[in-house]
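What follows is a short report on a single structure.
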Amino acid sequence: MILSDKKILEAIAAGHIVIEPYSREHLGTNSYDVHLGRSLAVYDQHHLDARLHNTISHFEIPEEGFVLQPGTLYLGVTAEYTETHRAVPFLEGKSSVGRLGIDIHATAGKGDVGFCNSWTLEISCVQPVRIYAGMPIGQLIYFAIDGEVENYYHTKPGAKYNQRTGLPVESMMWKNKF
């Protein structure tokens, strides 16, 4: 079951959902709009290896915007820090962003109960497109959970994306044993 705007407001009031910064004008019927942060990153290597720590270089989006190029994976970050303690957050792109040919995540649209951080975006595009810091980039949808949670993400041993940086975070696949 997806939370309605009223249920999202109740969860925020109860501290079960935290959004910083929060603005009521960004609350939709059943979602909350998030915005592109100032920082982007690209991988330093062209050839990536899932068993290695693939490093990234960060850069700021200038005031005049930045033109994304097809064939490059950009890591972005939401301007909003979020916490979700009693629902499962899903991040989806806004239709207006999709209609510009921009994808904001390759596979990582679902968060976990207890996720407390900004969202790293896996941005790609089908043709060159100029983007701007602060533009609406996605929407968070919250699904109700059934039952008690034993293992919240922010307290889970080995959780790889708990450190609050406000920057895009590279893949931590290399920390897995395989």
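Brief remarks follow.
- Directionally averaged projected area (convex hull, Cα atoms, the stretch 23-128), nm²: 8.1
- Gap separating the Cα centres of the stretch 109-173 and the stretch 56-97, nearest whole Å: 9
- Taking every alpha-carbon pair in the stretch 1-64 and binning the separations at 10 Å intervals from zero gives 17, 30, 19, 28, 6 percent.
- Seen from residue 26, the other residues with C-beta closer than 13 Å to its C-beta sum to a net charge of -3, counting Lys and Arg as +1 and Asp and Glu as -1.
- Short to long, the 5 Å bins of the Cα pair-distance histogram for the stretch 78-139 hold 4, 17, 28, 24, 15, 8, 3, 1 percent of all pairs.
- Among the lysines of the chain, pairs at least eight places apart or on separate chains and with Cα atoms under 29 Å apart come to 15.
- Only Lys, Arg, Asp and Glu carry charge here, each on its Cβ (+1 for the first two, -1 for the last two); on that basis the chain has a dipole of about 240 debye about its Cα centre.
- A simple spin-label model places pseudo-atoms 7 Å from Cα toward Cβ; at residue 107 and residue 30 they are separated by 2.7 nm.
- Positive-end extreme of charge dipole, the chain - chosen from 40, 114, 9 (charges on Cβ): 114
Every read-out reported here was derived from the displayed coordinates using simple, explicitly stated rules and does not represent laboratory data. Model, not experiment: these values are computed from the prediction. FYI the Cβ positions are ideal-geometry reconstructions off the backbone, even for glycines, and counts take in every protein chain you see.
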